[in-house]
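Student: One structure coming up, written as structure tokens, with questions to follow.
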Amino acid sequence: MATEAYTMPDGFLWGAANAAHQFEGAWDVDGKGVSIADVMLAGSDPWLDGQAPAKYAAATAETLKNKHRIVTDQVEVNGNYPNHRGIDFFHTYEADLELMHEMGMNAFRTSINWTRIFPNGDEDQPNEAGLAFYDRLFDKMKALGIEPVVTLNHFEMPYHLVTEYGGWTNRKLIDFFVKYARVVLERYGDRVSYWMTHNEINNQAQFFDDHPMLQNSGLMDYPEKDAEELMYLASHHELVASALVVKAAHEIKVKVGNPNLQMADMIAMNPIYPHTTNPADQMAGARAMQQTYWWGDVAAWGYYPEWLLNYFAHHNFDIDITDEDKQILAENPVDYVAFSYYMSNVIGSDDNPWIDFRMDQNHFDNDYLEKSDWGWQIDPVGLRWALNWMWDRWHKKMMIVENGFGAYDKLEADDAVHDPYRIKYHHDHILNMERAIAIDGIPVYGYLPWSGIDMISASTGEMLKRYGFIYVDLDDMGQGSARRYRKDSFNWYSRVIASNGGEL
């Protein structure tokens, strides 16, 4: 590896990121309600092989082939729902945070599980037992000198809001979400300065896949021909809700006496390159970036780009953008940009002047890049490219709140886990982040990679797709000792943090 490295600015946040629904477990403890994650079966679930009700078993072969997760109408008896157990962080958080403190982390990103606070999402009063859990969690983090970075909606919306209201296509969800956000901001705003509204809100650009539509917006069982319009409608309501939460945060930070309280709306940043130097491919690549990151435009600028309004009109999409919505968006842009970064993509043209972008069409591998075991192309330089692109476009400070390498790890007989592939991945990405900060002058708050500790995968429900610096002895069926072990990457990242990025 290169010896090049740069010391980061004072106060830089070095940490990691996890999500409540993927690692907390305790899915029905202390009055918690059913979230959308709680009705998603494991992607490779033996329960589906001859044991599932016919309506689910019919899709078994193709589902298992692609490791996609089936969503059940309700929680089925004996179904394998990995999110129900996670890694039991709900009960082990103190010891797990102690390990992160040992690693040297001064920040940790997690989410508040919406259904711990409002089990159905539409209650008049919050669930005090759920609120009390996060009091304990954030108090422990602050005692260890770990800055909480908190997501309000990380694929954890109440399932009741899906079945009774149709998810985010219904304007009523704006009020439900803002009420929930106000409750937790007032409760924890004195201890939590960095907040995000929606996790990877732009995953919905893949509207042709059921999971982003469900996980982002609570949409399911919709006609395929209506998918794109419904995605834009739900996204608009989410963006209005996000802007209203920014407004609430700015009011509440005065009330709780925390002038540092800031709000972002988080995106998944995976750059899209044109396939060739052909001008048509160049235009396709440019439009693909626009169509994938317009959510960031609206959140940062406070208005819709003209090309997108023209696109709505051309397709006769009825998105119901009211004058009041426009004012709310304009008056409440986000304070900073939070984003995940895992890979990049390549797109080619299709001779359509309106460029109806879909990542499952005209997609190409990048011959210059290697892939992970899950087919994700590894592009460290793309992180520097993305940081420059976002700074030039939105001109707001940034925080990397996800970046990681999913792999099969092996626990050796001596309790060691050797993961040089993960160390190389993070080394190369941190180096390019440091170049963006030190050479390009990009203001970045911190680096919170995915993930501090192993947990189940959101996309497949697997435990064996591991990202953490800490190994958890559990398999895909939740079997194992659940003991925690330090991987080689644990010690490597500890040295990076201790040197403030000066030693890679």
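The values are calculated or read from the model by the stated rules, or taken from the named source; none is laboratory data. All figures in this text were calculated on a predicted structure; none of them were measured in a lab. Note that each Cβ is placed from the backbone with ideal geometry, even for glycine, and that neighbours are counted across all protein chains shown. Areas reflect the complete protein model, heavy atoms only, side chains present, ligands, DNA and RNA absent. Shrake-Rupley method; radii C 1.70, N 1.55, O 1.52, S 1.80 Å.
Student: Thr7: of a type in the set (Val, Ile, Thr), modelled with pLDDT of 90 or more, in a loop (DSSP other than H, G, I, E, B) and over 25 Å from the mean Cα position of the chain (by Cα), yes or no?
Tutor: Judged against the criteria, Thr7 is a match.
Student: When the stretch 134-165 is examined, which residues are found to be within 17 Å of Trp114 (Cα to Cα), open to solvent by 10 Å² or more (accessible area, probe 1.4 Å) and in a loop (DSSP other than H, G, I, E, B)?
Tutor: Hit for the stretch 134-165 is Phe155, nothing else.
Student: Identify, by number, the condition in (1) open to solvent by less than 10 Å² (accessible area, probe 1.4 Å); (2) more than 18 Å from the chain's Cα centre (by Cα) that His250 doesn't meet.
Tutor: Here His250 meets the rest and fails (1).
Student: Of the conditions (1) in contact with a Pro (Cβ under 8 Å, 6 or more places away or on another chain); (2) free of Cβ contacts under 8 Å to residues at least 60 places away in the same chain; (3) β-branched (Val, Ile, Thr), Ile456 satisfies every one except a single condition; which number is it?
Tutor: Result: Ile456 passes all but (2).
A quick yes/no check of all residues on (1) over 24 Å from the mean Cα position of the chain (by Cα); (2) among the hydroxyl-bearing types (Ser, Thr, Tyr):
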| residue | (1), (2) |
| --- | --- |
| Val254 | yes, no |
| Gly257 | yes, no |
| Asn260 | no, no |
| Asp265 | no, no |
| Thr277 | yes, yes |
| Ala280 | yes, no |
| Gln290 | no, no |
| Trp294 | no, no |
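Rundown of residues vs (1) in contact with a strand residue (DSSP E or B) (Cβ under 6 Å, 6 or more places away or on another chain); (2) at pLDDT 95 or above; (3) among the hydrophobic types (A, V, I, L, M, F, W, C), yes/no style:
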{"site": "Phe133", "(1), (2), (3)": "no, yes, yes"}
{"site": "Met141", "(1), (2), (3)": "yes, yes, yes"}
{"site": "Ile146", "(1), (2), (3)": "yes, yes, yes"}
{"site": "Asn153", "(1), (2), (3)": "yes, yes, no"}
{"site": "Thr169", "(1), (2), (3)": "no, yes, no"}
{"site": "Phe177", "(1), (2), (3)": "no, yes, yes"}
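Student: Could you pull out the residue among Tyr222, Tyr194 that is aromatic (Phe, Trp, Tyr), in contact with a strand residue (DSSP E or B) (Cβ under 6 Å, 6 or more places away or on another chain) and open to solvent by 10 Å² or more (accessible area, probe 1.4 Å)?
Tutor: Tyr194
Table: residues versus (1) surrounded by fewer than 24 Cβ atoms within 10 Å (Cβ to Cβ); (2) over 19 Å from Ser451 (Cβ atoms).
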| position | (1), (2) |
| --- | --- |
| His91 | yes, no |
| Glu102 | yes, no |
| Met105 | no, no |
| Pro126 | yes, yes |
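Student: Let me ask something else. For Arg191, work out the one condition from (1) at pLDDT 90 or above; (2) among the basic types (Lys, Arg); (3) not in a loop (DSSP other than H, G, I, E, B) it doesn't fulfil.
Tutor: Only one criterion is unmet by Arg191, namely (3).
Student: Further, regarding this structure: Can you tell me which residue in the stretch 15-43 is modelled with the lowest pLDDT, limited to those that are more than 18 Å from the chain's Cα centre (by Cα) and not small (Gly, Ala, Ser)?
Tutor: Per the stated criteria, the residue is Leu41.
Student: How many of the residues making up the stretch 406-445 are in a strand (DSSP E or B) and surrounded by fewer than 21 Cβ atoms within 10 Å (Cβ to Cβ)?
Tutor: 1
Student: In the stretch 362-378, which residue that is closer than 16 Å to Tyr425 by Cα and among the aromatic types (Phe, Trp, Tyr) is surrounded by the fewest Cβ atoms within 10 Å (Cβ to Cβ)?
Tutor: Tyr368
To keep it simple, each residue is scored yes or no on (1) at pLDDT 95 or above; (2) open to solvent by 30 Å² or more (accessible area, probe 1.4 Å); (3) in a strand (DSSP E or B); (4) not aliphatic (A, V, I, L, M).
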position: Met463; (1), (2), (3), (4): no, no, no, no
position: Asp475; (1), (2), (3), (4): no, yes, no, yes
position: Gly478; (1), (2), (3), (4): no, no, no, yes
position: Ala482; (1), (2), (3), (4): yes, yes, no, no
position: Ile497; (1), (2), (3), (4): yes, no, no, no
position: Gly501; (1), (2), (3), (4): yes, no, no, yes
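Student: Continuing with the same structure: Since Ile456 meets every condition but one in (1) of a type in the set (Val, Ile, Thr); (2) surrounded by fewer than 23 Cβ atoms within 10 Å (Cβ to Cβ); (3) within 30 Å of Trp27 (Cα to Cα), which condition does it not meet?
Tutor: If we test Ile456 against (1) of a type in the set (Val, Ile, Thr); (2) surrounded by fewer than 23 Cβ atoms within 10 Å (Cβ to Cβ); (3) within 30 Å of Trp27 (Cα to Cα), just (2) comes out false.
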